[in-house]
Amino acid sequence: MRRPNPLLLSLPQRTERPDVPLYIEPVRGLRAWRHARQDDGRILLYPLVMHSESPWPVGEWVTAQRHVSGFGDDHAAPGRLCNCGIHALASKDALLRQYGFTIHVLGEVELAGRVIVHSGGWRAERARISAVFIWDRSILDEHRRAQVIRDAEATASTYRVPLVHLGIPARRDS
Amino acid sequence: MTHIGPEIEEIRVEPIELPTVTEDEPDPEYATPEPTPALAPAAY
């Protein structure tokens with residue numbers, strides 16, 4: 001008996017809201033993380049703002065948990081009238097402006113599921129790491145710059161994603 | 001993460017995950033069939 005084509009089976013099902021545009025390519029956003037070297041030499045990434053001790057998983061999607069507010073409101077993330085969900089920026093310049101001079105690991109994520117589009121980025125239901133960035137850190141001293149680059153390389157190796165060199169736009173002094 | 005600006009719209013993204021097949025784990029659906037034994041000259 002002929003088996004069904006797995007590609008056809010993986011086609012997205014109808015969304016519960018037909019007026020919401022459906023995309024089959026992940027949205028690509030930009031993020032920063034805290035990072036910590038493990039005893040085995042791997043570097044795992046952690047959320048910046050959630051004070052979570054749960055690292056982003058390797059090779060898997062992160063799914064935003066339902067958000068329960070202090071007022072008892074319980075909703076799936078990302079909620080339209082909330083700030084919940086997995087945040088990502090749209091612009092490399094914005095990412096570097098916010099985090100370019102920190103020691104955080106920066107990188108790219110794929111976003112999926114319900115996604116709220118904002119003027120400067122997204123709030124998403126699911127995300128997974130797709131690249132780690134390194135860029136010109138000439139502001140740092142040589143020792144610290146080498147450490148930052150080693151951390152980025154180890155992070156890319158841990159998460160089995162490409163290490164991407166970011167170009168820095170020319171400074172406009174006028 | 002902050003400063004992602006005002007909301008514009010909602011979309012839904014369901015990526016199509018292509019099945020990955022490695023050299024070590026051939027998909028039986030697409031496995032190469034056993035080669036047909038060569039016919040003896042007399043069969044020509």
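The values are calculated or read from the model by the stated rules, or taken from the named source; none is laboratory data. This one's a predicted model, so the numbers in the text were calculated from it and none came from an experiment. Backbone-built Cβ (ideal geometry, glycine too); neighbour counts: all protein chains shown.
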Mind counting the residues in the stretch A:145-163 that are under 20 Å from A:Glu60 (Cα atoms) and not in a loop (DSSP other than H, G, I, E, B)?
9
Residues to consider are A:Arg144, A:Arg160, A:Arg128; find the one that is touching a residue at least 24 places away in the same chain (Cβ under 8 Å), under 22 Å from A:Arg34 (Cβ atoms), within 15 Å of the chain's Cα centre (by Cα) and surrounded by fewer than 14 Cβ atoms within 10 Å (Cβ to Cβ).
A:Arg160
Residues of the stretch A:93-139 being of a type in the set (Val, Ile, Thr), in contact with a strand residue (DSSP E or B) (Cβ under 8 Å, 6 or more places away or on another chain) and farther than 19 Å from A:Arg66 by Cβ, in sequence order, are A:Thr102, A:Val105, A:Val109, A:Val117, A:Ile129, A:Val132, A:Ile134
Any residue at all in the stretch A:22-30 that is modelled with pLDDT of 95 or more, within 13 Å of another protein chain (Cβ to nearest Cβ) and touching a Gly at 6+ places or on another chain (Cβ under 7 Å)?
yes
Sort out which residues of the stretch A:31-49 are more than 9 Å from every other protein chain (Cβ to nearest Cβ) and either touching a Ser or Thr at 6+ places or on another chain (Cβ under 7 Å) or among the hydrophobic types (A, V, I, L, M, F, W, C) (or both), and write them in order of number.
A:Trp33, A:His35, A:Ala36, A:Arg42, A:Ile43, A:Leu44, A:Leu45, A:Tyr46
If a residue has to be closer than 24 Å to A:Leu44 by Cβ and within 11 Å of chain B (Cβ to nearest Cβ) to count, how many in the stretch A:89-103 make the cut?
4
Flag for A:Ala88 being in a strand (DSSP E or B) and within 14 Å of A:Gly121 (Cα to Cα):
yes
